[in-house]
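Structure first, then comments.
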Amino acid sequence: MTAKPDLLVIGGVTERMMGRLTAEFTVHALYDQPDQGAFMAAHGTAITAVLTNGHDGLRPDLMAALPNLKIVSSYGVGYDAIDATAAAERGIVVTHTPNVLNDEVANTALLLWFSVSRRLVPNDAYVRAGRWEAEGNAPLSRSVQGRTVGIVGLGRIGQAIADRLAVFDSTVVYHSRSPRDVPYRYYADLTEMAGDSDVLICITPGGAGTRHLINRDVIDALGSEGILVNVSRGSVVDETAMVQALREGRLGGAGLDVFEAEPRVPSELFDMDNVVLQPHVGSATHETRQAMGDLTCDNLSQWLGDGSTITPVPECRNIG
Ligand code: NAP
Ligand code: 8YV
(Lines give C-alpha, C1' and ligand atoms only; values in the text may rest on other atoms or scores of the structure.)
(Ligands and ions follow the chains in the order given, each with its own letter.)
Protein backbone atom coordinates (compact mmCIF):
# COMPACT_ATOMS: atom_id res chain seq x y z
CA MET A 1 0.00 0.00 0.00
CA THR A 2 1.38 3.46 -0.94
CA ALA A 3 1.76 5.95 1.90
CA LYS A 4 -0.79 8.74 2.10
CA PRO A 5 0.60 12.20 1.24
CA ASP A 6 1.38 14.54 4.13
CA LEU A 7 -1.06 17.42 4.67
CA LEU A 8 -0.38 20.33 7.01
CA VAL A 9 -3.53 21.83 8.52
CA ILE A 10 -3.22 25.43 9.72
CA GLY A 11 -6.12 26.55 11.91
CA GLY A 12 -9.06 24.46 13.08
CA VAL A 13 -11.26 22.43 10.73
CA THR A 14 -14.68 20.86 11.27
CA GLU A 15 -15.11 17.19 12.21
CA ARG A 16 -16.69 16.55 8.82
CA MET A 17 -13.63 17.98 7.07
CA MET A 18 -11.20 16.10 9.31
CA GLY A 19 -13.04 12.84 8.52
CA ARG A 20 -12.44 13.34 4.81
CA LEU A 21 -8.89 14.56 5.20
CA THR A 22 -7.71 11.64 7.34
CA ALA A 23 -9.13 9.17 4.79
CA GLU A 24 -6.87 10.58 2.07
CA PHE A 25 -3.90 12.20 3.81
CA THR A 26 -1.54 11.81 6.73
CA VAL A 27 -2.76 14.88 8.58
CA HIS A 28 -0.49 17.10 10.69
CA ALA A 29 -2.33 19.80 12.64
CA LEU A 30 0.08 22.71 13.10
CA TYR A 31 -2.04 24.16 15.91
CA ASP A 32 -1.50 20.94 17.95
CA GLN A 33 2.31 21.19 17.80
CA PRO A 34 3.89 22.40 21.06
CA ASP A 35 7.06 23.43 19.19
CA GLN A 36 6.08 24.48 15.66
CA GLY A 37 9.69 25.27 14.65
CA ALA A 38 10.89 21.79 15.63
CA PHE A 39 7.88 20.23 13.92
CA MET A 40 8.57 22.09 10.66
CA ALA A 41 12.26 21.13 10.77
CA ALA A 42 11.31 17.45 11.17
CA HIS A 43 8.36 17.24 8.73
CA GLY A 44 8.59 20.27 6.37
CA THR A 45 10.22 18.26 3.56
CA ALA A 46 7.51 15.56 3.59
CA ILE A 47 4.57 17.94 3.33
CA THR A 48 3.08 18.39 -0.15
CA ALA A 49 -0.32 19.89 0.74
CA VAL A 50 -1.56 22.63 3.08
CA LEU A 51 -5.09 23.37 4.23
CA THR A 52 -5.61 26.83 5.68
CA ASN A 53 -8.25 29.56 5.91
CA GLY A 54 -8.68 33.20 4.96
CA HIS A 55 -7.60 34.48 8.36
CA ASP A 56 -4.47 32.36 9.00
CA GLY A 57 -3.37 32.20 5.37
CA LEU A 58 0.17 30.91 4.85
CA ARG A 59 3.04 32.92 6.31
CA PRO A 60 6.01 33.37 3.92
CA ASP A 61 8.38 31.68 6.42
CA LEU A 62 6.08 28.64 6.55
CA MET A 63 5.83 28.48 2.76
CA ALA A 64 9.63 28.68 2.56
CA ALA A 65 9.96 25.81 5.05
CA LEU A 66 7.89 23.53 2.75
CA PRO A 67 10.22 22.79 -0.21
CA ASN A 68 7.94 20.10 -1.73
CA LEU A 69 4.65 21.95 -1.35
CA LYS A 70 2.30 21.49 -4.33
CA ILE A 71 -1.12 22.73 -3.19
CA VAL A 72 -2.61 25.18 -0.68
CA SER A 73 -6.37 24.72 -0.26
CA SER A 74 -7.91 27.66 1.57
CA TYR A 75 -11.25 27.61 3.38
CA GLY A 76 -12.69 30.98 2.32
CA VAL A 77 -12.81 33.09 -0.82
CA GLY A 78 -10.48 35.91 0.26
CA TYR A 79 -6.83 34.86 0.02
CA ASP A 80 -5.03 38.10 0.85
CA ALA A 81 -3.13 36.27 3.63
CA ILE A 82 -1.47 33.97 1.05
CA ASP A 83 1.12 35.21 -1.44
CA ALA A 84 -0.48 33.52 -4.47
CA THR A 85 1.99 35.10 -6.91
CA ALA A 86 4.96 33.66 -4.98
CA ALA A 87 3.16 30.30 -4.83
CA ALA A 88 2.51 30.31 -8.59
CA GLU A 89 6.20 31.10 -9.24
CA ARG A 90 7.05 27.90 -7.33
CA GLY A 91 4.41 25.88 -9.22
CA ILE A 92 2.21 25.64 -6.12
CA VAL A 93 -1.53 25.84 -6.81
CA VAL A 94 -3.65 27.88 -4.37
CA THR A 95 -7.39 27.13 -4.26
CA HIS A 96 -10.21 28.98 -2.49
CA THR A 97 -14.01 28.72 -2.07
CA PRO A 98 -15.75 31.25 -4.35
CA ASN A 99 -19.53 31.41 -4.97
CA VAL A 100 -20.71 28.94 -2.28
CA LEU A 101 -20.79 31.84 0.23
CA ASN A 102 -22.16 34.64 -1.97
CA ASP A 103 -25.72 34.51 -0.62
CA GLU A 104 -24.68 34.31 3.04
CA VAL A 105 -22.26 37.23 2.87
CA ALA A 106 -24.73 39.32 0.84
CA ASN A 107 -27.38 38.63 3.49
CA THR A 108 -24.92 39.66 6.22
CA ALA A 109 -24.21 42.96 4.44
CA LEU A 110 -27.91 43.82 4.28
CA LEU A 111 -28.44 42.63 7.86
CA LEU A 112 -25.75 45.08 9.03
CA TRP A 113 -27.16 48.01 7.05
CA PHE A 114 -30.73 47.34 8.19
CA SER A 115 -29.65 46.91 11.82
CA VAL A 116 -27.88 50.28 11.82
CA SER A 117 -30.56 52.11 9.87
CA ARG A 118 -33.53 50.75 11.85
CA ARG A 119 -31.67 50.94 15.22
CA LEU A 120 -32.20 47.24 15.87
CA VAL A 121 -29.57 46.91 18.62
CA PRO A 122 -30.43 50.07 20.64
CA ASN A 123 -34.14 49.30 20.27
CA ASP A 124 -33.58 45.79 21.60
CA ALA A 125 -31.71 47.31 24.57
CA TYR A 126 -34.56 49.81 25.03
CA VAL A 127 -37.08 46.99 25.48
CA ARG A 128 -34.82 44.90 27.72
CA ALA A 129 -34.12 47.87 30.01
CA GLY A 130 -37.86 48.39 30.54
CA ARG A 131 -37.67 51.81 28.89
CA TRP A 132 -40.58 51.16 26.50
CA GLU A 133 -42.91 50.71 29.46
CA ALA A 134 -41.31 53.50 31.52
CA GLU A 135 -40.68 56.13 28.84
CA GLY A 136 -42.94 55.24 25.90
CA ASN A 137 -42.03 54.79 22.26
CA ALA A 138 -38.40 54.65 21.15
CA PRO A 139 -37.03 57.34 18.77
CA LEU A 140 -37.78 57.00 15.06
CA SER A 141 -35.21 55.38 12.79
CA ARG A 142 -34.29 55.75 9.08
CA SER A 143 -35.98 53.80 6.27
CA VAL A 144 -33.97 51.41 4.07
CA GLN A 145 -36.49 51.81 1.26
CA GLY A 146 -35.60 53.74 -1.91
CA ARG A 147 -31.97 54.49 -1.01
CA THR A 148 -28.94 54.92 -3.23
CA VAL A 149 -26.55 52.11 -2.39
CA GLY A 150 -22.92 52.30 -3.51
CA ILE A 151 -21.29 48.89 -3.84
CA VAL A 152 -17.50 49.02 -3.62
CA GLY A 153 -16.40 45.91 -5.55
CA LEU A 154 -19.15 44.52 -7.78
CA GLY A 155 -17.79 40.97 -7.98
CA ARG A 156 -19.48 37.67 -7.07
CA ILE A 157 -20.72 38.82 -3.65
CA GLY A 158 -21.25 42.44 -4.72
CA GLN A 159 -23.58 41.20 -7.47
CA ALA A 160 -25.51 39.04 -4.96
CA ILE A 161 -25.97 42.18 -2.85
CA ALA A 162 -27.18 44.16 -5.89
CA ASP A 163 -29.66 41.37 -6.79
CA ARG A 164 -31.27 41.64 -3.37
CA LEU A 165 -31.56 45.42 -3.51
CA ALA A 166 -34.26 45.43 -6.20
CA VAL A 167 -36.77 44.47 -3.51
CA PHE A 168 -35.95 47.66 -1.59
CA ASP A 169 -36.38 50.00 -4.60
CA SER A 170 -32.71 50.91 -4.29
CA THR A 171 -30.69 52.79 -6.86
CA VAL A 172 -27.60 50.61 -7.14
CA VAL A 173 -24.33 52.27 -8.15
CA TYR A 174 -20.84 50.77 -8.01
CA HIS A 175 -17.12 51.39 -8.01
CA SER A 176 -14.36 48.99 -9.04
CA ARG A 177 -11.18 49.33 -11.10
CA SER A 178 -13.02 48.58 -14.32
CA PRO A 179 -16.68 48.92 -15.37
CA ARG A 180 -18.83 45.85 -15.98
CA ASP A 181 -21.68 45.21 -18.39
CA VAL A 182 -24.43 45.75 -15.79
CA PRO A 183 -27.43 48.08 -15.60
CA TYR A 184 -25.98 50.13 -12.72
CA ARG A 185 -24.13 53.43 -12.89
CA TYR A 186 -20.35 53.01 -12.69
CA TYR A 187 -18.18 55.50 -10.81
CA ALA A 188 -14.47 55.53 -11.58
CA ASP A 189 -14.16 57.99 -8.67
CA LEU A 190 -15.05 56.39 -5.33
CA THR A 191 -15.32 59.71 -3.46
CA GLU A 192 -17.82 60.98 -6.03
CA MET A 193 -19.87 57.79 -5.61
CA ALA A 194 -19.77 58.12 -1.81
CA GLY A 195 -21.13 61.67 -2.17
CA ASP A 196 -24.10 60.36 -4.17
CA SER A 197 -24.77 57.34 -1.88
CA ASP A 198 -26.84 56.88 1.27
CA VAL A 199 -25.05 53.63 2.05
CA LEU A 200 -21.63 52.35 1.02
CA ILE A 201 -21.17 48.56 1.07
CA CYS A 202 -17.57 47.47 0.87
CA ILE A 203 -16.95 44.01 -0.63
CA THR A 204 -13.57 44.10 -2.40
CA PRO A 205 -10.67 41.73 -1.65
CA GLY A 206 -8.17 42.80 1.01
CA GLY A 207 -4.42 43.21 0.50
CA ALA A 208 -2.15 46.03 -0.66
CA GLY A 209 -4.30 47.00 -3.66
CA THR A 210 -7.30 47.99 -1.54
CA ARG A 211 -5.59 49.19 1.68
CA HIS A 212 -7.48 52.21 3.08
CA LEU A 213 -9.57 52.55 -0.09
CA ILE A 214 -12.21 53.96 2.27
CA ASN A 215 -10.23 56.95 3.50
CA ARG A 216 -11.18 60.23 5.18
CA ASP A 217 -12.24 61.85 1.88
CA VAL A 218 -14.58 58.95 1.05
CA ILE A 219 -16.01 58.95 4.58
CA ASP A 220 -16.60 62.71 4.53
CA ALA A 221 -18.30 62.43 1.14
CA LEU A 222 -20.63 59.73 2.52
CA GLY A 223 -21.39 62.18 5.29
CA SER A 224 -23.26 62.60 8.53
CA GLU A 225 -26.40 60.80 7.28
CA GLY A 226 -24.46 58.07 5.46
CA ILE A 227 -23.89 54.49 6.58
CA LEU A 228 -20.73 52.49 5.91
CA VAL A 229 -20.98 48.68 5.78
CA ASN A 230 -17.76 46.67 5.65
CA VAL A 231 -17.92 42.94 4.94
CA SER A 232 -14.66 42.82 2.95
CA ARG A 233 -11.46 43.05 5.01
CA GLY A 234 -10.61 45.43 7.86
CA SER A 235 -7.63 46.73 5.89
CA VAL A 236 -9.92 48.26 3.24
CA VAL A 237 -11.17 50.93 5.67
CA ASP A 238 -8.94 53.51 7.38
CA GLU A 239 -10.27 52.55 10.80
CA THR A 240 -8.75 55.52 12.63
CA ALA A 241 -10.39 57.93 10.18
CA MET A 242 -13.70 56.04 10.47
CA VAL A 243 -13.74 56.05 14.29
CA GLN A 244 -12.89 59.76 14.33
CA ALA A 245 -15.65 60.54 11.82
CA LEU A 246 -18.19 58.57 13.86
CA ARG A 247 -17.08 60.30 17.05
CA GLU A 248 -17.39 63.74 15.44
CA GLY A 249 -20.74 62.98 13.77
CA ARG A 250 -19.24 63.30 10.25
CA LEU A 251 -20.35 59.71 9.48
CA GLY A 252 -23.93 58.62 10.23
CA GLY A 253 -23.31 55.02 11.20
CA ALA A 254 -21.42 51.83 10.46
CA GLY A 255 -22.10 48.09 10.21
CA LEU A 256 -18.82 46.25 10.56
CA ASP A 257 -18.02 42.54 10.22
CA VAL A 258 -14.26 42.98 9.79
CA PHE A 259 -11.54 45.05 11.48
CA GLU A 260 -7.96 46.10 10.82
CA ALA A 261 -6.44 44.12 13.71
CA GLU A 262 -9.20 41.58 14.38
CA PRO A 263 -10.08 40.11 16.79
CA ARG A 264 -9.03 43.43 18.36
CA VAL A 265 -11.76 46.05 17.82
CA PRO A 266 -11.32 49.76 18.68
CA SER A 267 -13.01 50.11 22.07
CA GLU A 268 -14.29 53.59 21.14
CA LEU A 269 -16.87 51.82 18.97
CA PHE A 270 -18.35 49.94 21.92
CA ASP A 271 -20.33 52.90 23.25
CA MET A 272 -21.73 54.05 19.90
CA ASP A 273 -25.37 53.15 19.30
CA ASN A 274 -25.13 53.98 15.57
CA VAL A 275 -22.65 51.14 15.05
CA VAL A 276 -23.25 47.38 14.78
CA LEU A 277 -20.27 45.10 15.33
CA GLN A 278 -19.90 41.46 14.27
CA PRO A 279 -16.94 39.11 14.85
CA HIS A 280 -16.16 38.31 11.16
CA VAL A 281 -19.16 36.04 10.70
CA GLY A 282 -20.23 37.01 7.17
CA SER A 283 -20.23 33.38 6.00
CA ALA A 284 -20.51 31.74 9.42
CA THR A 285 -23.65 29.60 9.24
CA HIS A 286 -23.68 25.80 9.53
CA GLU A 287 -24.99 25.51 5.97
CA THR A 288 -22.49 27.81 4.25
CA ARG A 289 -19.49 26.69 6.28
CA GLN A 290 -20.35 23.09 5.33
CA ALA A 291 -20.40 24.03 1.64
CA MET A 292 -17.07 25.88 2.06
CA GLY A 293 -15.54 22.90 3.89
CA ASP A 294 -16.73 20.47 1.23
CA LEU A 295 -15.22 22.59 -1.57
CA THR A 296 -11.95 22.97 0.36
CA CYS A 297 -11.72 19.16 0.64
CA ASP A 298 -12.98 18.58 -2.93
CA ASN A 299 -10.09 20.66 -4.25
CA LEU A 300 -7.62 18.48 -2.35
CA SER A 301 -9.30 15.22 -3.43
CA GLN A 302 -9.36 16.19 -7.10
CA TRP A 303 -5.71 17.28 -6.96
CA LEU A 304 -4.86 13.90 -5.41
CA GLY A 305 -6.76 12.14 -8.21
CA ASP A 306 -5.47 13.83 -11.38
CA GLY A 307 -3.43 16.87 -10.35
CA SER A 308 -6.16 19.36 -11.32
CA THR A 309 -8.26 21.54 -8.99
CA ILE A 310 -11.82 22.89 -9.09
CA THR A 311 -11.40 26.49 -7.93
CA PRO A 312 -7.81 27.71 -8.25
CA VAL A 313 -7.24 31.41 -7.56
CA PRO A 314 -6.65 33.46 -10.76
CA GLU A 315 -2.86 33.66 -10.21
CA CYS A 316 -2.65 29.83 -10.27
CA ARG A 317 -5.01 28.92 -13.13
CA ASN A 318 -2.23 27.70 -15.37
CA ILE A 319 -0.85 25.24 -12.85
CA GLY A 320 -1.87 21.56 -12.81
P1 NAP B 1 -14.59 38.95 -6.49
O2 NAP B 1 -15.66 38.25 -7.25
O3 NAP B 1 -13.17 38.78 -6.91
O4 NAP B 1 -14.97 40.50 -6.48
C5 NAP B 1 -14.08 41.48 -6.04
C6 NAP B 1 -14.51 42.84 -6.62
O7 NAP B 1 -13.65 43.85 -6.08
C8 NAP B 1 -14.42 42.93 -8.12
O9 NAP B 1 -15.57 43.60 -8.57
C10 NAP B 1 -13.18 43.79 -8.38
O11 NAP B 1 -13.37 44.51 -9.60
C12 NAP B 1 -13.19 44.71 -7.16
N13 NAP B 1 -11.86 45.22 -6.81
C14 NAP B 1 -10.71 44.53 -6.68
N15 NAP B 1 -9.71 45.36 -6.39
C16 NAP B 1 -10.23 46.60 -6.32
C17 NAP B 1 -9.68 47.90 -6.07
N18 NAP B 1 -8.39 48.07 -5.82
N19 NAP B 1 -10.52 48.95 -6.09
C20 NAP B 1 -11.83 48.80 -6.35
N21 NAP B 1 -12.41 47.60 -6.60
C22 NAP B 1 -11.62 46.52 -6.58
O23 NAP B 1 -14.61 38.55 -4.96
P24 NAP B 1 -15.85 38.03 -4.07
O25 NAP B 1 -15.98 36.57 -4.19
O26 NAP B 1 -17.04 38.88 -4.35
O27 NAP B 1 -15.26 38.34 -2.59
C28 NAP B 1 -14.87 39.63 -2.27
C29 NAP B 1 -14.17 39.68 -0.92
O30 NAP B 1 -15.12 39.60 0.13
C31 NAP B 1 -13.19 38.58 -0.58
O32 NAP B 1 -11.95 38.74 -1.23
C33 NAP B 1 -13.08 38.70 0.92
O34 NAP B 1 -12.07 39.64 1.25
C35 NAP B 1 -14.43 39.26 1.32
N36 NAP B 1 -15.25 38.28 2.07
C37 NAP B 1 -15.56 38.52 3.36
C38 NAP B 1 -16.33 37.61 4.06
C39 NAP B 1 -16.71 37.85 5.48
O40 NAP B 1 -16.91 36.90 6.20
N41 NAP B 1 -16.85 39.08 5.91
C42 NAP B 1 -16.76 36.44 3.45
C43 NAP B 1 -16.43 36.23 2.13
C44 NAP B 1 -15.67 37.16 1.45
P45 NAP B 1 -12.12 45.06 -10.46
O46 NAP B 1 -11.19 43.91 -10.64
O47 NAP B 1 -12.74 45.57 -11.73
O48 NAP B 1 -11.53 46.17 -9.65
C1 8YV C 1 -14.20 33.21 6.37
C2 8YV C 1 -13.97 35.07 4.63
O3 8YV C 1 -14.56 33.66 7.63
O4 8YV C 1 -14.25 33.74 2.70
C5 8YV C 1 -13.69 34.73 3.21
O6 8YV C 1 -12.93 35.47 2.57
O7 8YV C 1 -13.56 36.08 5.11
C8 8YV C 1 -14.83 34.19 5.44
O9 8YV C 1 -15.74 33.47 4.67
C10 8YV C 1 -12.75 32.99 6.41
O11 8YV C 1 -12.11 32.78 5.20
C12 8YV C 1 -12.46 31.78 7.28
O13 8YV C 1 -11.30 32.00 7.92
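A few comments on the model shown:
- Odd one out for Gly206 among (1) in contact with a Phe, Trp or Tyr (Cβ under 8 Å, 6 or more places away or on another chain); (2) in contact (Cβ under 8 Å) with a residue 40 or more places away in the chain; (3) within 11 Å of ligand 1 (Cβ to nearest atom): (1)
- Any hit, the range 248-255, residues being loosely packed, with under 13 Cβ neighbours inside 10 Å and of a type in the set (A, V, I, L, M): no
- In the range 156-170, the residues that are touching a residue at least 60 places away in the same chain (Cβ under 8 Å) form Cβ pairs under 6 Å with partners that are in a helix (DSSP H, G or I) and surrounded by 20 or more Cβ atoms within 10 Å (Cβ to Cβ), at six or more places apart or across chains, as follows: Arg156/Asn102; Ile157/Asn102; Ile157/Val105; Ile157/Ala106.
- Screening the range 4-20 for residues that are touching a Ser or Thr at 6+ places or on another chain (Cβ under 7 Å) and part of a loop (DSSP other than H, G, I, E, B) and picking the one that is surrounded by the most Cβ atoms within 10 Å (Cβ to Cβ) gives Ile10.
- Residue ID - surrounded by the most Cβ atoms within 10 Å (Cβ to Cβ), chosen from residues in the range 281-296 that are of a type in the set (D, E, K, R) and under 21 Å from Leu7 (Cα atoms): Arg289
- Some residue of the range 179-186 being within 16 Å of ligand 1 (Cβ to nearest atom), surrounded by 18 or more Cβ atoms within 10 Å (Cβ to Cβ), among the hydrophobic types (A, V, I, L, M, F, W, C) and not assigned by TED's automatic domain parsing to the domain that holds Val77: no
- Taking (1) away from ligand 2 (no atom under 16 Å from the Cβ); (2) outside any helix (DSSP H, G or I) in turn, Pro98 satisfies each apart from (1).
- Of the strands (runs of 3 or more DSSP E) lying entirely inside the range 158-269, those carrying at least 1 residues that are within 16 Å of ligand 2 (Cβ to nearest atom) and within 24 Å of Ser141 (Cβ to Cβ) are 199-202, 227-230, 253-256.
Quick grid of which residues meet (1) without any contact (Cβ under 8 Å) to a residue 24 or more places away in the chain; (2) more than 14 Å from ligand 2 (Cβ to nearest atom); (3) surrounded by fewer than 21 Cβ atoms within 10 Å (Cβ to Cβ); (4) under 30 Å from Ala3 (Cα atoms):
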residue	(1), (2), (3), (4)
Ile47	no, yes, no, yes
Leu69	yes, yes, no, yes
Asp103	no, no, yes, no
Tyr126	yes, yes, yes, no
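- Extreme residue, nearest to Ser235 (Cα to Cα), among residues of the range 87-107 that are more than 10 Å from ligand 1 (Cβ to nearest atom) and out of contact with any helix residue (DSSP H, G or I) (no Cβ under 7 Å at 6 or more places or on another chain): Asn107
The values are calculated or read from the model by the stated rules, or taken from the named source; none is laboratory data. Just so you know, these numbers come straight off a predicted model, no measurement behind them. Counting neighbours? That spans all protein chains shown, and the Cβs are built from the backbone with ideal geometry, glycine included.
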